[in-house]
1. Within the range 1-50, count every residue that is at pLDDT below 95 and under 30 Å from K67 (Cβ atoms).
2. Could you list, in sequence order, the residues of the range 40-67 that are surrounded by 11 or more Cβ atoms within 10 Å (Cβ to Cβ), hydrophobic (A, V, I, L, M, F, W, C) and not in a helix (DSSP H, G or I)?
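The values are calculated or read from the model by the stated rules, or taken from the named source; none is laboratory data. All values derive from a computational prediction rather than experimental measurement. Glycine also receives a Cβ, built like all others from the backbone with ideal geometry; neighbour counts cover every protein chain displayed.
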Amino acid sequence: MVHAKGLQNRELKKCADKRWKKRQMARLQGKASPTATYAILAVILIIAVFFGLEYMGVIDVIPNFGKVKGV
């Protein structure tokens with residue numbers, strides 16, 4: 001009797017597991033995170049701003065680069 005009850009419980013558990021697996025949400029596989037793209041775009045934006053400020057003469061990190069002042 002104990003063996004039959006244990007077998008019955010295992011069978012019920014298997015059925016419950018199968019039903020639960022069917023209701024689970026599908027895994028999102030192969031979807032890359034956009035973090036690397038955002039980091040690259042941020043670096044490009046920072047470089048563009050740096051060269052824009054350097055060209056306009058707001059900062060002077062690179063000598064003789066950009067507009068000539070006071071000509």
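1. The number of residues fulfilling the criteria is 0.
2. Matches in the range 40-67: I59, I62, F65.
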